[in-house]
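Engineer: Let me give you the structure first, and then I'll get to my questions.
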Amino acid sequence: MEQASSPGRRATNAARKQAAVRLALLELSEEAGFAAVSMADIAERSGVPERTVFRTFGSKAEILWHDPLLQRLVRHIDPGDGPLDPLAAVSRAAATAAREMTEQDRSLEARRRALILAEPDLLGAGAQSMGRSVGDLARLITPAGADPDQRRRRALFALFAAMALAFVPMDAAKPIDDWIAALQESLTLAAFGPLTGGGS
């Protein structure tokens, strides 16, 4: 019986350590600036061994780009809807993922996004760090038997959607529905292109 709950406890412990590491990086960056923070500083502040921080994230940029919202969104994609209407499926999943965030999650997410948007060097690191979630999203929105062009287009939308979601600032003091509307607007831009005026 104890073995059955062990993986659950390990996952909870890993999530707690990841949250502590993210919080430590945010606090230290707000105090001294992102460039001045070392992995050793993050480990010390978080109470997580430096080796574990490196093994889990690899770099400071990956700590910031580890996107819990995107991971939640992927979990909420309806496999039956995704291939039929990717934009609607991803928009619904984003709204569901945002609504399930706690007040503390929202506060940390707002701070994380503010730091990413304030640090130009971090913007380029995002696509690499989100690769796994983008791949999962692409698989969920691509119909079985899709031709190569359709697979390419769905993969591009998944990448553009993930990046678009990452660039939506958040104000934790405002109603969650305001942020959801901004997320959905960004998804529309990802689907139709920022130069088209949002699909018109």
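Engineer: Taking the condition of being exposed (fewer than 14 other Cβ atoms within 10 Å of the Cβ) and on the phi < 0 side of the Ramachandran plot, how many residues in segment 8-43 meet it?
Structural biologist: 16
Here's the yes/no breakdown for (1) assigned by TED's automatic domain parsing to the domain that holds ARG92; (2) at pLDDT 90 or above; (3) surrounded by 14 or more Cβ atoms within 10 Å (Cβ to Cβ):
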{"position": "PHE157", "(1), (2), (3)": "yes, yes, yes"}
{"position": "ALA161", "(1), (2), (3)": "yes, yes, yes"}
{"position": "LEU165", "(1), (2), (3)": "yes, no, yes"}
{"position": "ALA172", "(1), (2), (3)": "yes, no, yes"}
{"position": "ILE176", "(1), (2), (3)": "yes, yes, yes"}
{"position": "ALA181", "(1), (2), (3)": "yes, yes, no"}
{"position": "SER186", "(1), (2), (3)": "yes, yes, yes"}
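Engineer: Which residues, counting only those in segment 146-200, are without any contact (Cβ under 8 Å) to a residue 40 or more places away in the chain, farther than 19 Å from LEU123 by Cβ and not in a loop (DSSP other than H, G, I, E, B)?
Structural biologist: PRO148, ASP149, GLN150, ARG151, ARG152, ARG153, ALA155, ASP177, ASP178, ALA181, GLU185, PHE192
Engineer: Kindly check whether there is at least one residue in segment 25-42 that is under 30 Å from THR142 (Cβ atoms) and either more than 21 Å from the chain's Cα centre (by Cα) or in a helix (DSSP H, G or I) (or both). Before the answer, list the steps.
Structural biologist: In the first step, residues of segment 25-42 are kept if they are under 30 Å from THR142 (Cβ atoms); the result is none.
So far as segment 25-42 goes, no, none of its residues is under 30 Å from THR142 (Cβ atoms) and either more than 21 Å from the chain's Cα centre (by Cα) or in a helix (DSSP H, G or I) (or both).
Engineer: Given the conditions (1) within 14 Å of the chain's Cα centre (by Cα); (2) in a helix (DSSP H, G or I), which single one is not true for MET101?
Structural biologist: (2) is the only condition that MET101 fails.
Engineer: Just wondering, is there one or more residues in segment 127-136 that are surrounded by fewer than 17 Cβ atoms within 10 Å (Cβ to Cβ), over 16 Å from the mean Cα position of the chain (by Cα) and not acidic (Asp, Glu)?
Structural biologist: No: segment 127-136 contains no residue that is surrounded by fewer than 17 Cβ atoms within 10 Å (Cβ to Cβ), over 16 Å from the mean Cα position of the chain (by Cα) and not acidic (Asp, Glu).
Engineer: Taking the condition of being touching a residue at least 60 places away in the same chain (Cβ under 8 Å) and within 12 Å of GLN184 (Cα to Cα), how many residues in segment 76-96 meet it?
Structural biologist: Of the residues in that region, 5 qualify.
The values are calculated or read from the model by the stated rules, or taken from the named source; none is laboratory data. Predicted model, so just to flag it, every value in this text is computed and none were measured. Glycine also receives a Cβ, built like all others from the backbone with ideal geometry; neighbour counts cover every protein chain displayed.
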